[in-house]
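Here is the structure we will look at.
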């Protein structure tokens, strides 16, 4: 990933927080026919410190678990907020006209070896954890305990677990750090005025990295 120093985010706690807020990863592996991308929710466990371990699962029918090369690291991509940025939002547009559009985003790339597990007890624990995380905010959370035991057992036999001990984390926060403070502030005002959650999230990211905003 092209990652100039002014966009680079290296604080592990910040990278981990984006992963936890955006669990659906694009998991890229190398198979017999080349690169393969799968979209899989991954849970971040803190151990081993400092980078942690990603855990997920796929259908047993997905050849990812059989075909991925174990001698090549997997890449899990976690996408945070993103937004188109119009040059018309910059005061510099009125002053010089020397501005162009861009696209802001925050992203984390997690690299590590892909390991496979199919122990039913471990899979059951993983499914319970993932379900609990996603159901917590619902008014009537669903639990695996609400499904018949034989049905749940059959479902667990139909999946395979994935584990990626993270060897490297790369973070990129492209949020107008290369613009003048007044241009960053103009972008924040326009994004907040848009009134949608995605724009608000991007405005927050810009403001977090601009003490004058």
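Among residues that are surrounded by 20 or more Cβ atoms within 10 Å (Cβ to Cβ), in contact (Cβ under 8 Å) with a residue 12 or more places away in the chain and in contact with a strand residue (DSSP E or B) (Cβ under 9 Å, 6 or more places away or on another chain), residue 83 is included.
Among the residues of the range 90-139, those that are surrounded by fewer than 13 Cβ atoms within 10 Å (Cβ to Cβ) and part of a loop (DSSP other than H, G, I, E, B) comprise 96, 97, 98, 100, 101, 119, 136, 137, 138, 139.
Scanning the range 63-80 for residues that are assigned to a loop (DSSP other than H, G, I, E, B) and in contact (Cβ under 8 Å) with a residue 40 or more places away in the chain gives 68, 69, 70, 72, 73. Of all residues in the range 25-44, those being out of contact with any helix residue (DSSP H, G or I) (no Cβ under 8 Å at 6 or more places or on another chain) and surrounded by fewer than 14 Cβ atoms within 10 Å (Cβ to Cβ) number 5. Within the set 127, 99, 120, the sole residue that is closer than 30 Å to residue 70 by Cα and more than 26 Å from the chain's Cα centre (by Cα) turns out to be 120. Restricting attention to the range 158-184, which residues are part of a helix (DSSP H, G or I) and in contact with a helix residue (DSSP H, G or I) (Cβ under 7 Å, 6 or more places away or on another chain)? Those that are part of a helix (DSSP H, G or I) and in contact with a helix residue (DSSP H, G or I) (Cβ under 7 Å, 6 or more places away or on another chain): 182, 183, 184.
No value in this document is a laboratory result; all are computed from the given coordinates. Bear in mind that the values here come from a model prediction, so they are computed numbers and not experimental data. With ideal geometry, Cβ positions are generated from the backbone for all residues, glycine too; neighbour counts draw on all protein chains shown.
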